[in-house]
1. Name the one entry in A:Lys77, A:Lys60 that is over 27 Å from A:Ala6 (Cβ atoms) and not β-branched (Val, Ile, Thr).
2. Is at least one residue of the stretch A:47-57 touching a residue at least 24 places away in the same chain (Cβ under 8 Å) and of a type in the set (D, E, K, R)?
3. If you check every pair at least six apart or on different chains, which have Cβ atoms under 7 Å apart with a residue in the stretch A:5-23 that is closer than 13 Å to A:His51 by Cα and touching a residue at least 12 places away in the same chain (Cβ under 8 Å) first and a residue that is of a type in the set (Lys, Arg) and assigned to a helix (DSSP H, G or I) second?
4. Residue by residue through the stretch A:61-96, note down the ones that are loosely packed, with under 13 Cβ neighbours inside 10 Å and at pLDDT 90 or above.
5. Where residues in the stretch A:28-46 are of a type in the set (Gly, Ala, Ser) and over 23 Å from A:Ile86 (Cβ atoms), which of them is nearest to DNA strand C (Cβ to nearest atom)?
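The values are calculated or read from the model by the stated rules, or taken from the named source; none is laboratory data. Just so you know, these numbers come straight off a predicted model, no measurement behind them. Here the Cβ positions follow ideal geometry from the backbone for every residue, glycine too, while neighbour counts run over all protein chains shown.
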Amino acid sequence: MNKFYADVYELAALIPEGKVAAYGQIASMLGNPLAARQVGYAMNAAPENLHLPCHRVVNKKGEMLPGSAFGGVEAQKKRLKQEGVIFHDNGCIDMKKSMWRPEFTFR
DNA sequence: CCCCTGACTAATA
DNA sequence: GTATTAGCCAGGG
């Protein structure tokens, strides 16, 4: 497993409930603000044995991956909302309040 | 070994 | 405001 994937998985596993992280955000933490694509790709390839909260990792729009979200986008939203994530009326996550910002992380 | 594709983002027109 | 382009890394053909 390459370091990139390892970092992505490790970081993703640290996402607390009620918070969400953007691909670009994670990528920035890894030192590659432009590698958001690979972060998503890593998530896609993420083994389920790691139990990564990939449903808490969303794009900048604040939505889960359309077409790739488990069970459907709305189901995901409902689940996240249940965990404490704030949503806008338009259905997008309130990144301003629900974005994961760990102080112990760099960025 | 080379080329294409892929859960994205930010900048520019 | 939306549409287009470039950049990242890894895996598959």
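1. A:Lys77
2. There is at least one residue in the stretch A:47-57 that is touching a residue at least 24 places away in the same chain (Cβ under 8 Å) and of a type in the set (D, E, K, R).
3. A:Ile15/A:Arg56
4. Correct list: A:Gln82, A:Gly84.
5. Selected residue: A:Ala35.
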